[in-house]
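The values are calculated or read from the model by the stated rules, or taken from the named source; none is laboratory data. In this text, all values refer to a predicted model and were calculated from it rather than measured experimentally. Cβ sites come from the backbone with ideal geometry, for glycine too, and all protein chains shown count toward neighbours. What goes into the accessible areas is simple: the full protein's heavy atoms, side chains included, and nothing from ligands, DNA or RNA. Shrake-Rupley method; radii C 1.70, N 1.55, O 1.52, S 1.80 Å.
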Amino acid sequence: MIQIENVSKEYQRRGRSVTALQPATLSVEQGEFVSIVGPSGSGKTTLLSMLGGMLAPTSGTVMVLGENLYQLDVSARSRFRNEKIGFVFQNFNLVPWLTALENVQLPLTIGRAEAAVQRNRALELLERFGLADRADHKPSELSAGQQQRVALARTLISTPRLILADEPTGNLDPDSRAMVMETLRECQKQFDQTVILVTHDSSIAESAERKLRITEGVLTEEQPRLNVASA
Amino acid sequence: MTIRSLVWKEILQRPAPTVAALLAVALGVAALVSVQSIATSSEAQVARQMNELGANLLVLPKSADLQDYYAADLHNETLPEEYVTTIILAQAVGVEEMAPKLCLQTTIDEKDVTLTGILPRTEFFEKSSWQSVDLMFQEMEETQLGSKHENCTGRTCQLTDADMQDLKSYAKTRVVHDLAPFSILVGADAARELNVSEEDEVEIMGESFKVAAVLPASGTVDDQRVFAHLHTVQDLSGMGPVVNVIEVMGCCEDVTDGLVAELEELLPDARVITISQLVEAQVSMNRLMSRLSYLLFAILMLVGGASIASVMFANVSERRRELGTLLALGATPALLQRLVLMKASLIGVVGGAVGLLFGAVLAFVCGPMVVDVPLDLSLQAIGWGLISALIVAMLFSYFPARKAGHLDPSVCFQDV
Ligand SMILES: Nc1ncnc2c1ncn2[C@@H]1O[C@H](COP(=O)(O)OP(=O)(O)O)[C@@H](O)[C@H]1O
Ligand SMILES: [Mg+2]
């Protein structure tokens, strides 16, 4: 599913370069549930962005589903992301001027699916998340937990093979947190979707079958099962 | 949803900046369309006057000032009526008709009207004090007033007596064959205003007049006037045998120059003016107006463009997170650029349309103050306005669109 090889990232800021990720090699199989932990500023988001085709690495190759992501041109990479990868964010990133229903439809709107398909799929998902009666509400009219459920519905509408979640429970109450984790588990168990989850919550991290740690840009595997190397 | 509805919904959530940018463009288009429409309508009026009256001359008092052919008699200076006879006797080459006029401001049914005295053609001869030349006049009446020149191409030459005997033809020919002392001809607008029709009796300055005819609309100030016999108007005004103007209708433009020289020599106290002299000021004013409107348009479009650019830059900046999210969801940078450009084109098209509408209203409201003709919108200005509005909107959104296309998608991972 995922093979990264010697992937590193350096940011250039005002003439100085900051190494956010040391060269890392990692592979993940389809249907795995992987957690990534590490202190703030250690490079977790940087790694996740590169896995999602959002950030070109300074060196190394990123293969997802057999595609060398950064050899695709920008629009092919966008299309790949639209079809195969779903993000879940800490801040939900719902579009404030769209209703819950419209937010959920967005990936299909971008992929130019038929209007009826967009609508029916979105309604189905909102129902699954118990938000059918909130379909016409704007994000500002929803609680944090409800907003994250809308965001999850949006992520799942295109049935991505890979779900990348960056501290998805960071801003949530315990009930919503449990709901989000349950959903991600379901994605893995029921739909064989690969989940990579960045978290601060150690109990959540422990529940994953694979746990990676990043410290100051160095990626290590906590309970080594597959080969993870860092140079 | 479609991409288009995304653009639309985004505008609707906070329409004020978009509307402001749109109005800036609309203003430019409105200025162009209104001023150009007035200028071209005025040009059309000038062209029509040149075409219809190109061979005509006006004989005016030296001190009379003058802007419009049709209103040439609206001043208080006078000439002796005798000048008509002087011109007849001179038998100038190309003179076909003459129309001496005297205007009197008065009221009918308490409504202000301009009563214009006109001299029927027959009177040139009957009332003439030069009885001794009767024979000559009779001969002239059968042919033309002046002598004809060779190869004349004039239009008035083709006027038949029957044409002139129909009172209604005055609106077109500006000459009547016969008019009884207490008959009046009423212009189309004046008839509507006064609510009179043929055969009605009206009272003017204590005298009773019969409406001999209501003239068809001519599109000139004549439509607002009431015409009566020159001598009747002279009597009513108490000014004696004078006129404000003598229109001399030449047979064709070939004779105009010679005629001006001849009349100036004949009547040294009068001013002789040709149509082209008369419209010269109007023509240069039209040119100036037209040029200024393009300048104004260019300036307003630059201002509009700058305001679009600033609105768009601000819009892209404040939507960074949202646009980054769209990238994460699989939108291509090109799609984000298109979102910006679609919004810009909407501003351009709607701004152009609003400007067009606004300009048209402005032209129809302000136009009549400048020109006396029915106003036509300048299609060229409309075309230019709409196309430039779109181009300016797109052009000035190019950099904001580029900015959207080069957005760093990692903004959506940052916590607020
Ligand atoms: N766009 C950027 N420009 C410059 N430096 C960055 C940028 N994004 C992240 N960094 C730096 O890279 C390092 C890793 O950041 P990040 O991946 O966001 O860490 P984490 O998600 O683990 O908190 C940090 O030192 C951060 O300051
Ligand atoms: Mg982070």
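Rounded to the nearest 100 Å², what's the accessible area chains B and A bury against each other, both chains counted, probe 1.4 Å?
2500 Å²
Once you keep just the Cα pairs under 8 angstrom separated by 6 or more residues, what percentage relative contact order results for chain A?
Details: 448 pairs, mean separation 70.5, N = 231.
Value for chain A: 31 percent.
Rounded to the nearest 0.05, what FRET efficiency do A:Glu29 and B:Leu12 have when you use their Cβ-Cβ distance and R0 = 41 Å?
Result of the calculation: an efficiency of 0.35.
What ³J(HN,Hα) values, in whole Hz, does the Karplus curve 6.51 cos²θ - 1.76 cosθ + 1.60 give for region A:99-116 when θ = phi - 60°, with x put for Gly and Pro?
In residue order, the calculated couplings are 6, 3, 4, 5, 4, 5, 5, 2, x, 6, 4, 5, x, 6, 6, 5, 4, 5 Hz.
Working from Cα positions, state the angle (0 to 90°, nearest 10) between the long axis of helix A:174-191 and the longest principal axis of chain A.
80 degrees
Rank these by accessible area, largest first, 1.4 Å probe: B:Ile108, B:Ile391.
From most exposed to least exposed: B:Ile391, B:Ile108.
Where is the GNM fluctuation largest for chain B (alpha-carbon springs, 10 angstrom cutoff): B:Gly54, B:Gly206, B:Gly305?
Comparing B:Gly54, B:Gly206, B:Gly305 in a Gaussian network model of chain B, the most mobile one is B:Gly206.
Could you give the longest part of chain A that holds none of the GluC sites (Glu not before Pro) found in DSSP loops with at most 12 neighbouring Cβ atoms within 10 Å?
Answer from the scan: A:115-208.
On a 19 Å Cα-Cα criterion, which of the cross-link pairs B:Lys343/B:Lys403; B:Lys111/B:Lys210; B:Lys111/B:Lys168 come out too long? Can you show the working numbers first?
Details: B:Lys343/B:Lys403 15 Å; B:Lys111/B:Lys210 17 Å; B:Lys111/B:Lys168 23 Å.
B:Lys111/B:Lys168, as the Cα separations exceed 19 Å there.
What distance in nm separates the two pseudo spin-label positions at B:Glu77 and B:Ala353, each 7 Å out from Cα along the beta-carbon direction?
Using points 7 Å along Cα→Cβ, the separation is 5.4 nm.
By how many nm would the segment from B:Asp200 to B:Glu264 grow when fully extended, if each residue of separation counts as 0.36 nm and the alpha-carbon distance is taken off?
18.8 nm
Go ahead and set up a Gaussian network model of chain B, Cα springs under 10 Å, then flag whichever of B:Val226, B:Val316, B:Val214 fluctuates most.
Of B:Val226, B:Val316, B:Val214, the most mobile in the Gaussian network model is B:Val316.
Rounded to whole Hz and in sequence order, give me ³J(HN,Hα) for region B:74-88 from the Karplus expression 6.51 cos²θ - 1.76 cosθ + 1.60, θ = phi - 60°, writing x for Gly and Pro.
Whole-Hz 3J(HN,Hα) from phi for region B:74-88: 8, 8, 9, 7, 10, 10, x, 5, 3, 3, 4, 5, 4, 5, 4.
Mind checking which of B:Arg48, B:Arg319, B:Arg402 has the largest fluctuation in a GNM of chain B, springs on alpha carbons under 10 Å?
B:Arg319
Along the Cα→Cβ direction, 7 angstrom out, place labels at A:Asn68 and B:Ile387. What is the inter-label distance in nm?
4.9 nm
When a/c is below 1.5 the answer is rounded, else prolate if a/b is larger than b/c, else oblate, so apply that to chain B with a ≥ b ≥ c taken from the square roots of the Cα gyration tensor eigenvalues.
It comes out prolate by the Cα gyration axes.
To the nearest 0.05, what FRET efficiency results for B:Leu89 and B:Lys168 with a Förster distance of 41 Å applied to their C-beta separation?
Efficiency, from the Cβ-Cβ distance: 0.85.
Report the calculated FRET efficiency for B:Arg48 and A:Thr61 (r = Cβ-Cβ distance, R0 = 56 Å), to the nearest 0.05.
It comes out at approximately 0.10.
Could you work out the longest stretch of chain B that avoids the GluC sites (Glu not before Pro) located in DSSP loops with at most 10 other Cβ atoms within 10 Å?
B:200-416
Rounded to whole Hz and in sequence order, give me ³J(HN,Hα) for region B:232-243 from the Karplus expression 6.51 cos²θ - 1.76 cosθ + 1.60, θ = phi - 60°, writing x for Gly and Pro.
Ordered by residue, 3J(HN,Hα) equals 5, 5, 4, 5, 4, 7, x, 8, x, x, 10, 9 Hz.
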